[in-house]
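Colleague: This is the structure I want to talk about, given as structure tokens.
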Amino acid sequence: MSTQPKKRVGVLISGRGSNMLSLVEAAKAPDYPAKIVVVGSNRPDAKGLEHAAAEGFATFALDHRLYGKDREFFERDLHARLVENNVELLVLAGFLRLLTPWFVSQWQGRMINIHPALLPSFPGLHTHERALKAGVRIHGATVHFVTAEMDVGPIIAQGAVPVLDGDNLNDLATRVLAVEHQIYPMALEAVASGKAVVDGFRVKVKGFDQDDKSLIC
Ligand code: GRF
């Protein structure tokens with residue numbers, strides 16, 4: 001078992017929180033290098049908050065609508081909550097707020113996100129709908145470091161799924177979500193253990209110089 005202290009992780013959600021729960025499950029393993037210390041949301045009614053509380057995690061909600069149009073005003077409070085909980089690594093798991101350069105700079109290199117497409121294809125919203133329209137045969141999900149530009153940061157892990165004849169939006173979303181639940185725990189493990197290191201645009205995984213298939217599925 002590793003002698004390194006587990007990295008203290010904060011998870012931010014806006015909805016049902018299934019990715020957050022996949023991380024909760026993974027973090028139950030004694031040798032998992034990360035420990036979730038708090039789950040926060042910008043939506044007080046996010047279902048995932050209830051799930052997190054039921055699992056015994058500290059939770060908080062900061063309703064962004066109460067902060068008006070000034071995003072940084074909201075983010076200052078959000079940042080303060082994370083600092084109060086001594087969060088070292090921040091994980092966005094379906095957190096539907098655009099972040100300002102100020103917030104990103106506070107967490108640069110320590111904040112990761114999951115996006116439901118194979119970046120750099122289909123950044124932004126409605127990824128499954130756009131993948132169906134484009135007729136791609138392979139779709140999937142990406143975990144990446146967050147940088148000031150949306151859905152562009154260095155890629156940590158990717159998972160691919162086929163797009164089948166007759167797929168509807170729900171079929172494809174369900175297939176991609178299953179792969180999200182596989183790659184997010186893998187990616188967080190790689191980052192929290194210090195094995196995944198950013199080298200320019202590439203995330204290199206220590207200990208895997210050749211033929212590294214550790215962060216794809
Ligand atoms: C996931 O598809 C994630 O990739 C996207 O938002 C969705 C969140 O789902 N960013 P959940 O709340 O984790 O179930």
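The values are calculated or read from the model by the stated rules, or taken from the named source; none is laboratory data. What you see is a predicted model; the values in this text were computed from it and never measured. Counting neighbours? That spans all protein chains shown, and the Cβs are built from the backbone with ideal geometry, glycine included. To get the accessible areas, we keep the full protein, side chains included, count just its heavy atoms, and leave off ligands, DNA and RNA. Shrake-Rupley method; radii C 1.70, N 1.55, O 1.52, S 1.80 Å.
Colleague: Is one or more of the residues making up the stretch 87-108 out of contact with any helix residue (DSSP H, G or I) (no Cβ under 9 Å at 6 or more places or on another chain), more than 15 Å from the ligand (Cβ to nearest atom), open to solvent by 80 Å² or more (accessible area, probe 1.4 Å) and over 21 Å from residue 155 (Cα atoms)?
Modeller: No, every residue in the stretch 87-108 fails to be out of contact with any helix residue (DSSP H, G or I) (no Cβ under 9 Å at 6 or more places or on another chain), more than 15 Å from the ligand (Cβ to nearest atom), open to solvent by 80 Å² or more (accessible area, probe 1.4 Å) and over 21 Å from residue 155 (Cα atoms).
Colleague: Another question, then. Inside the stretch 18-42, can you point out the residues that are within 11 Å of the ligand (Cβ to nearest atom) and open to solvent by 10 Å² or more (accessible area, probe 1.4 Å)?
Modeller: Matches in the stretch 18-42: 18, 19, 21, 22.
Colleague: Ok, one more. Filter the stretch 65-86 down to the residues that are open to solvent by 50 Å² or more (accessible area, probe 1.4 Å) and either touching a residue at least 40 places away in the same chain (Cβ under 8 Å) or within 16 Å of the ligand (Cβ to nearest atom) (or both) and list them by number.
Modeller: Once the filter is applied, which keeps residues that are open to solvent by 50 Å² or more (accessible area, probe 1.4 Å) and either touching a residue at least 40 places away in the same chain (Cβ under 8 Å) or within 16 Å of the ligand (Cβ to nearest atom) (or both), the stretch 65-86 yields 81, 86.
Colleague: Which fully enclosed strands (runs of 3 or more DSSP E) of the stretch 153-217 have 2 or more residues being surrounded by fewer than 21 Cβ atoms within 10 Å (Cβ to Cβ) and among the basic types (Lys, Arg)?
Modeller: Result: 202-205.
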